[in-house]
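Okay, so here's the structure we're looking at.
The values are calculated or read from the model by the stated rules, or taken from the named source; none is laboratory data. Remember, predicted model here, so these are calculated numbers, not experimental data. Glycine also receives a Cβ, built like all others from the backbone with ideal geometry; neighbour counts cover every protein chain displayed.
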Amino acid sequence: MYIREAHPIDGERPGSRLLVEQPRTDEERNEVANMCIVDLDLGDLPTLLDGVDDKTSRAYVAHPDRLYLVGRDGRIAFAGAKGPRGFKPEELEEAILVELGQRGKEVEVQRER
């Protein structure tokens, strides 16, 4: 999910990697999101877009960084800690494997120890 730009050049803490202004419309946010996808070499990774109303970001407390996995049942299957220290993609990957049933038994055994 691409949310509000964390380091726009017109913000408090401009970034140095991708120099963009904070998008003011959904169309502008979509353009910046696509630039990030290319810049981060995310390829075909499905990416959703939060509107400039930031409704999703506020609902999930997504800033500064947060990883979530929504399970097949529509409930949160994994909620990562706040970033940047809590940004641990390997934990999300494990949660995805559990959700897909590819690691459930191994994880259950580890939890029982």
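A few points about this structure:
- Exactly one residue out of A81, A6 is assigned by TED's automatic domain parsing to the domain that holds G101, at pLDDT below 90 and among the aliphatic types (A, V, I, L, M): that is A81.
- Residue in the range 27-49 that is of a type in the set (D, E, K, R) and in contact with a Phe, Trp or Tyr (Cβ under 6 Å, 6 or more places away or on another chain) present: no
- Sole exception among (1) assigned by TED's automatic domain parsing to the domain that holds E5; (2) touching a helix residue (DSSP H, G or I) at 6+ places or on another chain (Cβ under 8 Å) for E94, by number: (1)
- Taking the range 54-78 as the range and being modelled with pLDDT of 80 or more, surrounded by 12 or more Cβ atoms within 10 Å (Cβ to Cβ) and among the basic types (K, R) as the test, only R58 passes.
- Some residue of the range 17-40 being small (G, A, S) and free of Cβ contacts under 8 Å to residues at least 24 places away in the same chain: no
- As a summary of the residue check, G51 satisfies the conditions (1) in a helix (DSSP H, G or I); (2) modelled with pLDDT of 90 or more except for the one numbered (1).
- Candidate set from the range 1-39 (those that are among the aliphatic types (A, V, I, L, M) and in a loop (DSSP other than H, G, I, E, B)); member that is surrounded by the fewest Cβ atoms within 10 Å (Cβ to Cβ): L19
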